[in-house]
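Trainee: Take this structure first; my questions come after.
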Amino acid sequence: MHFYTKKTHSIFVFAFTIICIACNPEEQKKPNLELKTSSEVLVLPVDESTSNISDGLFYFAKENLLFSQNWKENSIQIYDIEKKKRVKNLKLERDGPNGVLDLMGIHVLSQDSIFLFNQIKSQITLIDTSGQIINSIQYKSPERYSPAFVHNAYFQSPPHLHGKKLIVKTHYFGSIREMTQEILQTKELVYEIDLESGETHFLNLKFPKDYMPDGLKPFEASISHGADKLAFSLFGDHRMFYVSELGDSLQFKNGKSAYLPEKLPTVPIDADGLIFRKYSYYSPHYESLDYDPFRDVFIRFAFHEYEQDESVPVNDMRNHSGPFSIQVFDSDLNLISETAFEANQYHPFDYFITEKGIYLSTNHPLNPQNSEDQMSFVLLEYSEKEKP
């Protein structure tokens, strides 16, 4: 059953469901999980042309493969997790008959169906694991909205395929300095692409009407599709927003991090480029929201206020992130637990979710154990939350 499809149920089915619930109380038990750092470390080699900080990871659980992007080389490295080695390096042409444009994000359905996304034009390229182009889909982005915004290392928002249609995140082309709450609440977060005709249409999922009543905030969202709902989180809001079916009224639940202040800061008045970057990376805020299908829970990254070393290059501030925490929510978006991580040890934008837990990068540039010739991940395991 998909959250986006309206369903009707007979009285018999309803009654049968109630009986099943009564007979299976364990099925109704909500998880009570928290994340703990284990002793397991995963190390994957990289060559001299590849940074140990990925431009975006995608874990393909069916084959236990990890896909890593290298934007500079416009390439995708494929790793066998069990063997801990690279098995393929797909170097993709940007232009010409075999061109895929500039790679920005990927989404893997199978080894024969890998979706490639860019921000240059409204085009989705499908390749297989040999790098061969299977199909190139042209579509029409809505006026004043971006092509499908799929980025595997920034406010993750994976596309959602149902039938021949693809739901994708988008950006409204508007200046943050000229944005008002009244304008923002009319703007769309997603649209749907018909993969056969290339037509697009909005799904009436808009920004909340009270996101920035006291000043400007980045209008950046992370969108995640759970088992029975679409949820999203915003840069400067504690709440978890959701709809059970697209077209429904927007609902929310409080998800405040214990490490963030009640009132989150707004963009500093007359901020120049440097001040805005510091605000974006080091002020308290939220970023990626993700769904863990193995445990039917959501996770969200919360970034704590921090003063990073002034010697950090302006263009590398994001890679020098500060302290953060990972929140765990049940399938109804109730906050279960939150685990904090210290500054300068982890790279929180490189992670992937597996049946064993969450593998989190330790390739922070200021980590004394950081090695430039390997990607290194520590396994975060879920465990039953200890009773107080």
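The values are calculated or read from the model by the stated rules, or taken from the named source; none is laboratory data. Quick caveat, the model's predicted, so the values are computed rather than measured. Glycine also receives a Cβ, built like all others from the backbone with ideal geometry; neighbour counts cover every protein chain displayed.
Trainee: Looking only at segment 357-388, count how many residues are in a strand (DSSP E or B), touching a residue at least 40 places away in the same chain (Cβ under 8 Å), under 17 Å from D292 (Cα atoms) and of a type outside the set (S, T, N, Q).
Mentor: 7
Trainee: Right, here's the next one. Go through segment 217-255 and give me each residue that's over 19 Å from V168 (Cα atoms), in contact (Cβ under 8 Å) with a residue 12 or more places away in the chain and not hydrophobic (A, V, I, L, M, F, W, C).
Mentor: K217, P218, G236, D237, H238, R239, K253, N254, G255
Trainee: Something else about it: For segment 54-89, enumerate the residues that are more than 19 Å from D292 (Cβ to Cβ), surrounded by 21 or more Cβ atoms within 10 Å (Cβ to Cβ) and among the hydrophobic types (A, V, I, L, M, F, W, C).
Mentor: Listed by number, the list holds a single entry, I76.
Trainee: Right, next: Go through the residues of segment 282-302 one by one and say whether even a single one is over 18 Å from the mean Cα position of the chain (by Cα) and among the β-branched types (V, I, T).
Mentor: no
Trainee: Answer with yes or no whether T180 is in contact with a Pro (Cβ under 9 Å, 6 or more places away or on another chain) and of a type in the set (S, T, Y).
Mentor: no
Trainee: Among the listed residues A227, A231, identify the single one that is outside any loop (DSSP other than H, G, I, E, B) and within 17 Å of N334 (Cβ to Cβ).
Mentor: Testing whether each residue is outside any loop (DSSP other than H, G, I, E, B) and within 17 Å of N334 (Cβ to Cβ) leaves just A231.
Trainee: Residues A258, A271, A302: which one is under 23 Å from F58 (Cα atoms) and either touching a helix residue (DSSP H, G or I) at 6+ places or on another chain (Cβ under 9 Å) or small (G, A, S) (or both)?
Mentor: Among A258, A271, A302, only A302 is under 23 Å from F58 (Cα atoms) and either touching a helix residue (DSSP H, G or I) at 6+ places or on another chain (Cβ under 9 Å) or small (G, A, S) (or both).
Trainee: Sticking with this structure for a sec: How many residues are surrounded by fewer than 20 Cβ atoms within 10 Å (Cβ to Cβ) and under 18 Å from S49 (Cα atoms) if we restrict to segment 93-129?
Mentor: The total comes to 3.
Trainee: Does segment 310-322 hold any residues that are outside any helix (DSSP H, G or I) and without any contact (Cβ under 8 Å) to a residue 40 or more places away in the chain, and which are they?
Mentor: Within segment 310-322, E310, S311, V312, P313 meet the criteria.
Trainee: Whether any residue in segment 216-227 is loosely packed, with under 14 Cβ neighbours inside 10 Å, basic (K, R) and closer than 30 Å to D272 by Cα is what I want to check.
Mentor: No, because not a single residue in segment 216-227 is loosely packed, with under 14 Cβ neighbours inside 10 Å, basic (K, R) and closer than 30 Å to D272 by Cα.
Trainee: Go over the candidates Y259, Y279, Y286 one by one and state the one that is buried (at least 20 other Cβ atoms within 10 Å of the Cβ) and either at pLDDT below 95 or hydroxyl-bearing (S, T, Y) (or both).
Mentor: Unique residue meeting the criteria: Y286.
Trainee: Considering every residue within segment 77-90, establish whether at least one is in a loop (DSSP other than H, G, I, E, B) and within 30 Å of K229 (Cβ to Cβ). Before you say what the answer is, go through the steps one by one.
Mentor: Residues of segment 77-90 in a loop (DSSP other than H, G, I, E, B): 81-84.
Those left that are additionally within 30 Å of K229 (Cβ to Cβ): 81.
Looking for residues that are in a loop (DSSP other than H, G, I, E, B) and within 30 Å of K229 (Cβ to Cβ), one finds at least one in segment 77-90, hence yes.
Trainee: Let me ask you something else. What single numbered condition from (1) farther than 23 Å from H107 by Cβ; (2) among the hydrophobic types (A, V, I, L, M, F, W, C); (3) under 16 Å from the mean Cα position of the chain (by Cα) fails to hold for F207?
Mentor: Of (1) farther than 23 Å from H107 by Cβ; (2) among the hydrophobic types (A, V, I, L, M, F, W, C); (3) under 16 Å from the mean Cα position of the chain (by Cα), only one is false for F207: (3).
Trainee: When you go through (1) of a type outside the set (A, V, I, L, M); (2) modelled with pLDDT of 65 or more; (3) out of contact with any Phe, Trp or Tyr (no Cβ under 8 Å at 6 or more places or on another chain) one by one for E27, which number turns out not to apply?
Mentor: (2)
Trainee: So how many residues does segment 343-385 have that are within 28 Å of K253 (Cβ to Cβ) and out of contact with any strand residue (DSSP E or B) (no Cβ under 8 Å at 6 or more places or on another chain)?
Mentor: 1
Trainee: Further, regarding this structure: Give the residue that is surrounded by the fewest Cβ atoms within 10 Å (Cβ to Cβ), with candidates limited to residues of segment 149-188 that are assigned to a strand (DSSP E or B) and of a type outside the set (A, V, I, L, M). Reasoning before the result, please.
Mentor: Filtering segment 149-188 for residues assigned to a strand (DSSP E or B) gives 160-162, 165-169, 172, 188.
Filter once more, keeping what is of a type outside the set (A, V, I, L, M): 160, 162, 165, 169, 172, 188.
Working: H160: 20, H162: 13, K165: 17, K169: 26, Y172: 17, E188: 18.
Across segment 149-188, the extreme among qualifying residues is H162.
Trainee: I'm told Y291 meets every condition in (1) part of a loop (DSSP other than H, G, I, E, B); (2) under 18 Å from L57 (Cα atoms); (3) among the hydroxyl-bearing types (S, T, Y) except one. Can you identify the failing condition by its number?
Mentor: (1)
Trainee: Regarding Q181, is this residue out of contact with any helix residue (DSSP H, G or I) (no Cβ under 7 Å at 6 or more places or on another chain) and under 22 Å from S233 (Cβ atoms)?
Mentor: For Q181, the condition - out of contact with any helix residue (DSSP H, G or I) (no Cβ under 7 Å at 6 or more places or on another chain) and under 22 Å from S233 (Cβ atoms) - is met.
Trainee: Any chance segment 188-205 includes a residue that's under 20 Å from T266 (Cα atoms) and either modelled with pLDDT of 95 or more or not aromatic (F, W, Y) (or both)?
Mentor: The answer is no, given that none of the residues of segment 188-205 is under 20 Å from T266 (Cα atoms) and either modelled with pLDDT of 95 or more or not aromatic (F, W, Y) (or both).
Trainee: What do you reckon, is N98 in a loop (DSSP other than H, G, I, E, B) and over 19 Å from L379 (Cβ atoms)?
Mentor: Numbers: in a loop (DSSP other than H, G, I, E, B): yes; over 19 Å from L379 (Cβ atoms): yes.
When the stated conditions are applied, N98 passes them.
Trainee: Taking into account only those residues within segment 326-343 that are under 17 Å from the mean Cα position of the chain (by Cα) and within 13 Å of I358 (Cβ to Cβ), which is surrounded by the most Cβ atoms within 10 Å (Cβ to Cβ)?
Mentor: Q327
Trainee: May I pose another question? Of all residues in segment 130-148, count the ones that are under 29 Å from I53 (Cβ atoms), part of a loop (DSSP other than H, G, I, E, B) and either of a type in the set (S, T, Y) or free of Cβ contacts under 8 Å to residues at least 40 places away in the same chain (or both).
Mentor: Residues meeting the conditions: 4.
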